1. Among the residues of the range 257-279, what is the count of those that are among the β-branched types (V, I, T) and over 12 Å from the mean Cα position of the chain (by Cα)?
2. Q289 is checked against (1) among the polar types (S, T, N, Q); (2) free of Cβ contacts under 8 Å to residues at least 60 places away in the same chain; (3) not in a helix (DSSP H, G or I) and fails just one. What number does that condition carry?
3. If you go through the range 48-60 one residue at a time, how many are at pLDDT 90 or above, closer than 14 Å to V13 by Cα and loosely packed, with under 15 Cβ neighbours inside 10 Å?
4. Check whether at least one residue in the range 117-135 is touching a strand residue (DSSP E or B) at 6+ places or on another chain (Cβ under 6 Å), crowded, with 20+ Cβ neighbours inside 10 Å and within 25 Å of G224 (Cα to Cα), and report yes or no.
5. Kindly list, by first and then second residue, each pair from a residue in the range 61-81 that is surrounded by 15 or more Cβ atoms within 10 Å (Cβ to Cβ) to a residue that is of a type in the set (K, R) and assigned to a helix (DSSP H, G or I), limited to pairs with Cβ atoms under 8 Å and residues at least 6 apart or on different chains.
6. Which residue pairs have Cβ atoms under 7 Å apart, sit 6 or more places apart or on different chains, and have a first residue in the range 256-284 that is assigned by TED's automatic domain parsing to the domain that holds L109 and hydrophobic (A, V, I, L, M, F, W, C) and a second that is part of a helix (DSSP H, G or I) and exposed (fewer than 14 other Cβ atoms within 10 Å of the Cβ)?
7. Would you kindly identify the helices (runs of 4 or more DSSP H) lying entirely within the range 167-245 that contain at least 1 residues that are assigned by TED's automatic domain parsing to the domain that holds T258 and under 26 Å from L150 (Cβ atoms)?
8. Step by step: first the residues of the range 212-226, then only those that are surrounded by fewer than 14 Cβ atoms within 10 Å (Cβ to Cβ) and at pLDDT 90 or above, then the one that is farthest from the chain's Cα centre (by Cα). Which residue is that?
Amino acid sequence: MTDFRSIETFLWVVKLGSFRGAAHRLNTTQPAISQRIAQLEREMGVKLLNRDHRVASPTPSGRQMMVYAEKLIGLRSEMMAEVGDRSAMRGALRLGVAETIVHTWLPRLVKSVNEIYPNLSLEIEVDITPNLSARLLAQEIELAFVLGPLSGSGVRNRVLCDYPIGFLASPALGLGNGPVARQDLARFPIITFPRKTQPYETVRALFNRPDLPPIRLHASASLGTVVHMANEGLGIAVIPSAIVENELADGRLQLLDTDFKLPPLTFGASWLASPDAVAIERVAHLAGQIAQQSIAVDATAATRQEKPVA
């Protein structure tokens, strides 16, 4: 009798185009993958895969099989999520995260996943959005929290949160008294996200004007490094102010009042459509809830700080 394991194996061989890719995705060996496919073909009585080249492609019968395989695996995942115990959701979820999320609400998400899905583990990688996008499309990660939305075949997106970008500086620079013009900002090095990111390009375009001196733009893939450099008075950081709440509260950094505003950073959850993506979608939904709760808490705290003392 054909079992779900063989059907799932067939599905991933076709999706990834190779026995090796399916073995990595299912955490097994290539010989085991070959054995399952051979068993499935014997039971179905037809050839399902062409193995003439390095890429495994479905035969006409294999293409028909894919329609039913996706339905079966999808229904199984839905059944386990809706009917089964939450602890039945198990395995490892490969998660790529932009560093802004690491410095804000990611710890709360990990805590919630541990509580709600105790048998689901997270393999977390931190990188910039372009790299994480490429890794998602290559199926090296399964869920990405990045600047979005991402585009691509089969990509699904869910908006998580917006973070305003601020110009943040040490009080030692003497820029905290009143509005700061663009010409005054340009006198100092600007420290921000790494090259090839949306914030870097936005900042570069902002200061790329003939009436301004050549911009000294320092880029770093480590937001911790950016914050440290700003604390030391080595330049003006252009990052989400939510990252430096503690530094703002104790006066190590000031949020500068400028005569212009940068567009906020919109973060989203992105994943590839798949019949067994229920666990991924559940974590993405949970991330959306936690992100919005985090934004609401931050807004309430900011309002309280702005109230005058009676």
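The values are calculated or read from the model by the stated rules, or taken from the named source; none is laboratory data. From a predicted model like this one, the values you see are computed outputs, not experimental measurements. Cβ sites come from the backbone with ideal geometry, for glycine too, and all protein chains shown count toward neighbours.
1. Counting residues in the range 257-279 that are among the β-branched types (V, I, T) and over 12 Å from the mean Cα position of the chain (by Cα) gives 2.
2. (3)
3. Looking only at that region, the number is 1.
4. Yes, the range 117-135 contains a residue that is touching a strand residue (DSSP E or B) at 6+ places or on another chain (Cβ under 6 Å), crowded, with 20+ Cβ neighbours inside 10 Å and within 25 Å of G224 (Cα to Cα).
5. Filtered contacts from the range 61-81: A81/R282.
6. That search, which allows pairs on different chains as well, returns V278/E78.
7. Ranges flagged: 198-207, 223-231.
8. Of the residues in the range 212-226, the ones surrounded by fewer than 14 Cβ atoms within 10 Å (Cβ to Cβ) are 213-214, 216, 222, 224-225.
Restricting the remaining residues to those that are at pLDDT 90 or above gives 216, 222, 224-225.
Details: R216: 29, S222: 16, G224: 18, T225: 21 Å.
Step by step, filter the range 212-226, then rank; the result is R216.
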